[in-house]
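The values are calculated or read from the model by the stated rules, or taken from the named source; none is laboratory data. Bear in mind that the values here come from a model prediction, so they are computed numbers and not experimental data. Cβ placement follows ideal geometry from the backbone for every residue including glycine, while neighbour counts extend to all protein chains displayed.
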Amino acid sequence: MSSGSPLSPHAALPRRRWERALTGGLIRAAARLRHGLRAALAHAAGPEAAEASRLLASLDQAADGLVLIGRDGRIVHASRRVPELLPTAAGLLAPGTPVERFALAAGLAPEAQETEVADPGGVWVRITRKPTADGGSVLTVSDITAQKRREAALERTNARLDAALNNMSQGLCLYDSEHRLLIANRRFYEIYRLDPAVVRPGITFPELLARSIAAGNHNPTVAKTLIAERLGFVARRESGISFQDLADGRVIAISHEPIPGGHWVVTYQDITERRRAEAQITYLARHDALTGLANRLQLRERVDQALAQRAAGARVALLSLDLDGFRAVNEAVGQPAGDQVLRQVAERLLACARDGDTVARLGGDEFAVVQVGIDKSEAASALARRLLAALAKPFVVDGQAVELGASIGVALAPEDGASHDQLLHHAQLALDQCRRERRGAIRFFTPEMDAAVQRRRTLESDLRQAIERGELQAVYQPILELASGRVSGFEALLRWRHPSRGMVSPVEFIPVAEEMGLIVPIGAWMLRRACTDAMTWPDGVRVAVNVSAIQFRDPNLVATVATALADSGLPASRLEIEITESLLLEDEAATGALLHRLRGLGVRIAMDDFGTGYSSLGYLRSFPFDKIKIDQSLIRDLDSKPDSRAIVRAIIGLGRSLGMRTTAEGVEARTVLDILRTEGCAEAQGYLFSRPCVAERVPDVLRRLTQQRVPANAAAA
């Protein structure tokens, strides 16, 4: 065939195109050369043979494998690429082989379009078969391995994306620029309770909202407004978060984010539980968890609000209240039962208050009531009386009757303060006055109460400085043995000489020292001072030191006593520790153990103030005291009250039978001394013998009392 043959124009076409264009002619040429094709091509001459040779050569250069099939279903020719793609069928590609044998050897199913080659694995081919005009066909074998790998990779990526989307805790929707749904994850359908079979990608946003309304998520009356609002937000192309209240009470947080190309994505999160938790936290921040009453924070808010809204001439009352005896009840019936009592207290307080008033729990057994819109203090008094009457009735807990009372302090605005802090402080000062004077009472604040507090604060400050400046001193009052008249010992007493106030009574400053926690270091100082001073006295003269209940709670008390003895050199037998009966009421077992440890040091133990109301034979049996000191309240009236003499006689007899010495305190009259001697009391102390004196005067007192012995006509020294 000459260069001007019809083949020439095809050379300028893309390779695939001219390959397809030549396929029909190639089949016809190949059919004529079926028997002995290669030989004919080698020896034949002429244009047709040359053209067929060129066509076959072109076929072998094709990227796809081509199998030419005649009208009889036998292979006419297979290009070089076919055995490369289907190596298992390489031996069945000779011209004349039935195409079915080739397909079977290649593992091709008749209907297969794409298949993975068995050997080598991992190679994928696509098989297509097209008929030709002369009744034959062309089988095209294409290598699609790279495409399959891309598809597999894309499928894995899509699977991971689906897994990620469907395991999100938030719902997600992706919309295109025409507001059509492209993607929705499983959580979105769960939140809005929608059927994925109904709400499918392609649905418009308004249609989706309509489905959501039909599912009962929204009130149908707001459908148009809801759609308009959401579409308006989308149209503005703004990022933002909004909150949606569903018809069933759930709250959904919606986050909208525009993305390039006019698309937009929305995430949905059910925050119902978080909102409930936040509401609960907000509630608890302003309410008492046990009773549900207002707490200190809400009380402040209500007082401030009442003061701000107070009309001219009107008053606001703040009543501060605590329960009398609640601690004992709590210890007797247990804390759970005590909590039940507090809840019942709250109910009764609320029943007494009016609408607009506020009842609060401040903590423990302390409560407060804010009374608004009153014009006279009598209204506050009336409310306080109602409260006391309500709380005086027995409380029933687990079938057990519990009786309590209450004390109330009242402050009024504007005269007692113009702020929450002032009113509450003044109401509590009035309550403190009740506690000191008489439980179960009502007290209104007076300026004198504040002045007393200021004096107390000054006293506290001065007491701290008194320790640092050495203003505290020990004084000593002698104790006489009545049988012999000799001085058996001295009781060490604490005194405070204030630089401007002079001598401050122990009754005034010792309770303050105990409340401030200063009594422990003061007590340790007193022990050291007493032991050191006693070392200057004659042998056999003891020193007695009082130890308070607070000192007994100090774990270092025994070490403090031992150190005082060691540093001073005083024999332990000359130190007497005095405790009060009330100490045994706090924790009898622990106190007894501590007393035994003190006794182990060799010191003597005395029970002070015996007969003041807590006396019990059980205490004397629980610990072998060395001495019983009879309280001066029984001694002073010994010569005028027969019942006092009977009690003192009984105590002396009890001490004698238990092997304990008895000491009478507060002896001021000779007639009393005579009675004590008659009744067999072992020792006595009081102004009849000597007032307490400083350590420097002890030798003089000893000398005088030794000369007088038990004086017949002694006068106070």
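Can you tell me which residues in the range 338-381 are of a type in the set (Gly, Ala, Ser), part of a strand (DSSP E or B) and surrounded by 15 or more Cβ atoms within 10 Å (Cβ to Cβ)?
Going residue by residue through the range 338-381, those that are of a type in the set (Gly, Ala, Ser) are 338, 346, 351, 353, 356, 360, 363-364, 368, 373, 377, 379-381.
From what's left, part of a strand (DSSP E or B): 360, 363, 368, 373.
Result: ALA360, ALA368, GLY373.
State the number of residues belonging to the range 79-94 that are without any contact (Cβ under 8 Å) to a residue 24 or more places away in the chain and of a type in the set (A, V, I, L, M, F, W, C). Don't jump to the end; show me each part of the working.
Just the residues of the range 79-94 that are without any contact (Cβ under 8 Å) to a residue 24 or more places away in the chain, to begin with: 79-80, 83-84, 89-92, 94.
Applying the additional criterion that residues be of a type in the set (A, V, I, L, M, F, W, C) yields 89-90, 92, 94.
Residues in the range 79-94 being without any contact (Cβ under 8 Å) to a residue 24 or more places away in the chain and of a type in the set (A, V, I, L, M, F, W, C): 4 in total.
Could you tell me whether the range 191-206 includes any residue that is outside any strand (DSSP E or B), surrounded by fewer than 15 Cβ atoms within 10 Å (Cβ to Cβ), within 39 Å of the chain's Cα centre (by Cα) and assigned by TED's automatic domain parsing to the domain that holds ALA235?
For the range 191-206, residues outside any strand (DSSP E or B), surrounded by fewer than 15 Cβ atoms within 10 Å (Cβ to Cβ), within 39 Å of the chain's Cα centre (by Cα) and assigned by TED's automatic domain parsing to the domain that holds ALA235: present.
Would a scan of the range 590-605 turn up a residue that is closer than 16 Å to ALA474 by Cβ, modelled with pLDDT of 90 or more and surrounded by 18 or more Cβ atoms within 10 Å (Cβ to Cβ)? Steps first, please.
Initially, the range 590-605 is screened for residues closer than 16 Å to ALA474 by Cβ, giving none.
Looking through the range 590-605, none of the residues is closer than 16 Å to ALA474 by Cβ, modelled with pLDDT of 90 or more and surrounded by 18 or more Cβ atoms within 10 Å (Cβ to Cβ).
Looking for something surrounded by 19 or more Cβ atoms within 10 Å (Cβ to Cβ), part of a strand (DSSP E or B) and over 48 Å from the mean Cα position of the chain (by Cα) - is there at least one such residue anywhere in the range 454-473?
No: zero hits.
Looking at the range 146-158, can you tell me whether even one residue there is out of contact with any Gly (no Cβ under 7 Å at 6 or more places or on another chain) and assigned to a loop (DSSP other than H, G, I, E, B)?
No, the range 146-158 contains no residue that is out of contact with any Gly (no Cβ under 7 Å at 6 or more places or on another chain) and assigned to a loop (DSSP other than H, G, I, E, B).
Just the residues that are assigned to a strand (DSSP E or B) and not small (Gly, Ala, Ser), please, taken from the range 393-425. If you could, list the steps in order and put the result at the bottom.
The first filter runs over the range 393-425 and keeps only residues assigned to a strand (DSSP E or B), leaving 395-397, 400-402, 405-413.
Result: PHE395, VAL396, VAL397, GLN400, VAL402, ILE408, VAL410, LEU412.
Which condition does ALA411 not pass, out of (1) surrounded by 14 or more Cβ atoms within 10 Å (Cβ to Cβ); (2) within 33 Å of the chain's Cα centre (by Cα); (3) over 26 Å from LEU284 (Cβ atoms), if it passes all the others?
Here ALA411 meets the rest and fails (2).
Out of the residues in the range 620-669 that are of a type in the set (Ser, Thr, Tyr) and surrounded by 15 or more Cβ atoms within 10 Å (Cβ to Cβ), which is nearest to LEU493 (Cα to Cα)? Let's see the steps before the verdict.
Here is the first cut: in the range 620-669, the ones of a type in the set (Ser, Thr, Tyr) are 622, 633, 640, 644, 657, 662-663.
Retained after the next criterion (residues that are surrounded by 15 or more Cβ atoms within 10 Å (Cβ to Cβ)): 622, 644, 662-663.
Values: SER622: 28, SER644: 26, THR662: 19, THR663: 16 Å.
Across the range 620-669, the extreme among qualifying residues is THR663.
Please find, within the range 539-567, the residue that is surrounded by the most Cβ atoms within 10 Å (Cβ to Cβ) out of those that are in a helix (DSSP H, G or I) and β-branched (Val, Ile, Thr). Spell out the reasoning first.
Filtering the range 539-567 down to residues in a helix (DSSP H, G or I) leaves 549-552, 557-567.
Still in the list and also β-branched (Val, Ile, Thr): 550, 558, 560-561, 563.
Numbers: ILE550: 16, VAL558: 15, THR560: 19, VAL561: 22, THR563: 15.
Step by step, filter the range 539-567, then rank; the result is VAL561.
Identify, from the list VAL397, VAL402, the residue that is modelled with pLDDT under 95, β-branched (Val, Ile, Thr) and in contact with a strand residue (DSSP E or B) (Cβ under 7 Å, 6 or more places away or on another chain). Don't jump to the end; show me each part of the working.
Values: VAL397 fails: in contact with a strand residue (DSSP E or B) (Cβ under 7 Å, 6 or more places away or on another chain).
It is VAL402.
Go through the range 255-280 and give me each residue that's hydrophobic (A, V, I, L, M, F, W, C) and in a helix (DSSP H, G or I). Give the steps one after another, and end with the answer.
The initial filter retains those residues of the range 255-280 that are hydrophobic (A, V, I, L, M, F, W, C), namely 259, 264-266, 271, 277, 279.
If the condition is that a residue be hydrophobic (A, V, I, L, M, F, W, C) and in a helix (DSSP H, G or I), then ALA277, ALA279 are the ones that fit.
Go through the range 671-680 residue by residue and tally those that are touching a residue at least 40 places away in the same chain (Cβ under 8 Å) and over 21 Å from GLU491 (Cβ atoms).
0
Here are ALA384, ALA390: which of them is over 16 Å from LEU318 (Cα atoms), touching a residue at least 40 places away in the same chain (Cβ under 8 Å) and part of a helix (DSSP H, G or I)? Explain how you work it out, then say what you get.
Values: ALA384 fails: over 16 Å from LEU318 (Cα atoms).
Just a single option satisfies the conditions, and that option is ALA390.
Looking only at the range 133-157, how many residues end up being under 17 Å from VAL123 (Cβ atoms) and without any contact (Cβ under 8 Å) to a residue 12 or more places away in the chain?
Qualifying residue count for the region: 6.
Going residue by residue through the range 105-126, is there one that turns out to be modelled with pLDDT under 90, in a helix (DSSP H, G or I) and assigned by TED's automatic domain parsing to the domain that holds PRO87? Spell out how you get there, then give the answer.
Let us first name the residues in the range 105-126 that are modelled with pLDDT under 90, namely 105-126.
With the extra rule that they be in a helix (DSSP H, G or I), the set shrinks to 105-106.
Adding the requirement that they be assigned by TED's automatic domain parsing to the domain that holds PRO87 leaves 105-106.
So far as the range 105-126 goes, yes, one or more of its residues are modelled with pLDDT under 90, in a helix (DSSP H, G or I) and assigned by TED's automatic domain parsing to the domain that holds PRO87.
Give the residues of the range 326-366 that are closer than 29 Å to ARG315 by Cβ, more than 24 Å from the chain's Cα centre (by Cα) and either touching a residue at least 60 places away in the same chain (Cβ under 8 Å) or not assigned by TED's automatic domain parsing to the domain that holds LEU388 (or both), sorted by residue number.
Those that are closer than 29 Å to ARG315 by Cβ, more than 24 Å from the chain's Cα centre (by Cα) and either touching a residue at least 60 places away in the same chain (Cβ under 8 Å) or not assigned by TED's automatic domain parsing to the domain that holds LEU388 (or both): THR358, VAL359.
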